[in-house]
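All of the numbers you see were taken from the coordinates with simple rules; none came from a lab. Keep in mind that what you see is a predicted model, and the values were worked out from it rather than measured. Note that we place each Cβ from the backbone using ideal geometry, even for glycine, and neighbour counts take in every protein chain shown.
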């Protein structure tokens, strides 16, 4: 069987996307998804995304980590599926879709995707790190000279350690550049390695940086290994609302793979 696929990337965070509105692809086949995401034997990607029908939304996003397991929300993947939906003529410049963490709104302007993320209220601030969930769980550690860090080594030790254990967490290492600019490197669970960018990760960093008074700006610039993103929000009574993740999403190529 030949599977038509589309490869997208958002600031270096890359995904295989398929049009699964007819439910022709069996999403329960973990090994098949893992094979497609394999960079040696498959297409190669940080994640696998199915675009499916939903009666109440423009479309439904179903996201899988590179290990083949369905996962929590992916911010860059969300931006990529919006670009994909426009390519398929499902939407024009606005989208209202649903993902595992609930409804999302998005807009497209000059090939830049602005994706509304979920509100955030629960933020754990400790002496060593900040933890919050922006659709996916994120541990945030502020350090200097993060370009020198072994992200896979340091990230994996935190990802599997207390209090996260088997469920795990994504791990972000952050360096402040100026008043509202932060450099971010992320270890992603499911990929089990550093990715060039993480959308829910930079969203978490932006909110955590404001929460800990490292910045008083409500528009934060995030520098990742794969490019630059922007996060904006409003805050009232310690609840972050109108959270938007903004950046490019690009179709790299399309093709067919035997499955």
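Results, tabulated for the structure shown:
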| item | result |
| --- | --- |
| Count of residues meeting criterion [part of a loop (DSSP other than H, G, I, E, B) and in contact with a strand residue (DSSP E or B) (Cβ under 6 Å, 6 or more places away or on another chain)] in the range 1-10 | 0 |
| Where residue 124 falls short, out of the listed (1) in contact (Cβ under 8 Å) with a residue 24 or more places away in the chain; (2) assigned to a strand (DSSP E or B); (3) surrounded by fewer than 22 Cβ atoms within 10 Å (Cβ to Cβ) | (1) |
| Residues within the range 11-29 that are in contact (Cβ under 8 Å) with a residue 40 or more places away in the chain, touching a strand residue (DSSP E or B) at 6+ places or on another chain (Cβ under 6 Å), assigned to a strand (DSSP E or B) and closer than 27 Å to residue 225 by Cβ, tallied | 3 |
| Output for the range 187-196, where each listed residue is closer than 16 Å to residue 164 by Cα and under 13 Å from the mean Cα position of the chain (by Cα) | 187, 188, 189, 190 |
| Failed item, numbered, when residue 133 is tested on (1) surrounded by fewer than 17 Cβ atoms within 10 Å (Cβ to Cβ); (2) over 18 Å from residue 227 (Cα atoms) | (1) |
